[in-house]
Structure formats: structure tokens, C-alpha cells
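A quick write-up on the structure given underneath.
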Amino acid sequence: MTKLSAWGLLALLSWPGAAAAQERPLTIPQAEGERHGKVLGRALACGVDRVRIDGVLRTQRARMLAAVGRALTEERYILALDDAMRLETSLPAPSPAACERGVAAFERLETAQP
């Protein structure tokens, strides 16, 4: 085999793996934690029941455990989520329009498939 054909064969063999990796979205724990924390913190500040928030927290934590494992979930996702929630709930009360958007975002997260 020549160098060119060996590289071509290697590229063909690695193609299915690359295609499969593209089907599964990349999960960045700290980015997900920040995004979820903002949504949950805003919903909490807008008066969504804490029981509903806790349910979404459990669901999203389980999803992250399955996606990235325990270490990344505990050390990156949970910390970013807590920081974002703390920031959102420490800000002044959101406007009614911001609450509508915040509750809508929370409901999308609540109904999202794990």
C-alpha cells in the first residue's frame, strides 16, 4: 500500500465514528449549569413553586450524570448552576415581561425530554 492509499483507508475507517459523534451533541457541564441556573433562578424569583424547581433540578442532574459522569456533574455543572441561581435570585425583582419569559423558559426546561 502506498502512503496515499493508507491515509485514504484510514479516513474511510474513521468516517462512521465521526458521523456518530456529530449526532450526539457536545455537553459542556459548566455551560449547561450556568444556563439551567439562570432559568431556574429567574423562575424562582418570579414565584414558581419550589417543588417544581426541585423536580427540574433532579431531572437535569440525572441527565448530566448520564452525559458526563459524576465528577464533571458535581465539580462543574452543580457549581455553575448554584452560582447562576444565586445571582438570579439576588438581583432586583424581574419585570412582569421578564417573568413571563422566565416562566416560559422554565416550562420548556421542565417539559424537555431527558
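For segment 66-114, with every protein chain kept in place, what is the accessible area per residue (1.4 Å probe, Å²)?
That works out to 67 Å² per residue.
For the pair E100/R52, report the inter-label distance in nm, with labels modelled 7 Å from Cα in the Cβ direction.
Output for this residue pair reads 1.6 nm.
Contour minus end-to-end for D83 and E107, with contour as 0.36 nm per residue of separation and end-to-end as the Cα-Cα distance?
Difference between extended and current length: 6.5 nm.
Can you tell me which of 72-85, 97-110 comes out highest on packing, and rank the rest after it, using the mean Cβ neighbours within 10 Å?
In decreasing order of mean packing, 72-85, 97-110 become 72-85, 97-110.
Pop out the ³J(HN,Hα) list for segment 65-77 in order, Karplus 6.51 cos²θ - 1.76 cosθ + 1.60 with θ = phi - 60°, rounded to Hz; leave Gly and Pro as x.
Per-residue couplings from phi come out as 4, 5, 7, 10, x, 5, 4, 5, 5, 6, 8, 10, 5 Hz.
Tell me, what % of the accessible area of segment 56-114 is carbon and sulfur with a 1.4 angstrom probe?
The C+S portion of the solvent-accessible surface of segment 56-114 is 56 percent.
The values are calculated or read from the model by the stated rules, or taken from the named source; none is laboratory data. Quantities reported herein were computed from a predicted structural model and do not represent experimental measurements. Please note: Cβ atoms are built from the backbone with ideal geometry, for glycine as well, and neighbour counts cover all protein chains shown. Note: areas computed on protein heavy atoms with side chains; ligands, DNA, RNA excluded. Shrake-Rupley method; radii C 1.70, N 1.55, O 1.52, S 1.80 Å.
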